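Comments concern the structure below.
The values are calculated or read from the model by the stated rules, or taken from the named source; none is laboratory data. Quick caveat, the model's predicted, so the values are computed rather than measured. Note: ideal-geometry Cβ built from the backbone for every residue, glycine included; neighbour counts use all protein chains shown. Areas reflect the complete protein model, heavy atoms only, side chains present, ligands, DNA and RNA absent. Shrake-Rupley method; radii C 1.70, N 1.55, O 1.52, S 1.80 Å.
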Amino acid sequence: MDNSELIAAQIAASKAYSAGNRLAERTDKLDRIDPDKLADQDIGRLLSNPAAFWAMAVTKEACGNGELAGALALSNQVASAQMAVGDVTFVRDSLIGQAQWLGVVAIKMMTRAEGQKNSHISAQSIKLALTAQRQAAQCLINAAALDKQRV
């Protein structure tokens, strides 16, 4: 990575941190967007800002609304700036967290399978549990691969 790339990444990180400070000082309009009632200008703003778009999608799915979208968008931008300079800590931490969450999903699906009287539903629950377990393992494999690249 040459100096111009490092400088660009530092500028991107600085902008994200500055925006985070402004967000802490006041509530950004993006935080108050109701995902179910997006106006044209809100949609345009989200589509032109991938971090904000995905933050809105994640928060809507996770908590049913976009309350945390602004903060999550800034987190995405900081992570992107960190990755640009080779710091993959956020990605590795996310992968490990996803693996843990998927492990819990697998256990819940197996518990559901054991309690089912309907063999078809039980088989589907077992299949989903195994899929979650496989994805958890893949997350850990990817996290380990990131560590090997840093050495």
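Tabulated results
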| read-out | value |
| --- | --- |
| Near pairs, Cβ below 7 angstrom, 6+ apart or cross-chain, from the range 71-84 (within 18 Å of LEU146 (Cα to Cα)) to any residue that is of a type in the set (Phe, Trp, Tyr) | ALA79/PHE90; GLN82/PHE90 |
| Extreme residue, modelled with the lowest pLDDT, among residues of the range 55-94 that are open to solvent by less than 30 Å² (accessible area, probe 1.4 Å) and over 24 Å from GLU5 (Cβ atoms) | GLY66 |
| Test for GLN138: is it out of contact with any Phe, Trp or Tyr (no Cβ under 7 Å at 6 or more places or on another chain) and closer than 26 Å to GLY86 by Cα | yes |
| Top-ranked residue of the range 102-133 - restricted to ones that are of a type in the set (Lys, Arg) and in a helix (DSSP H, G or I), ranked as surrounded by the fewest Cβ atoms within 10 Å (Cβ to Cβ) | LYS127 |
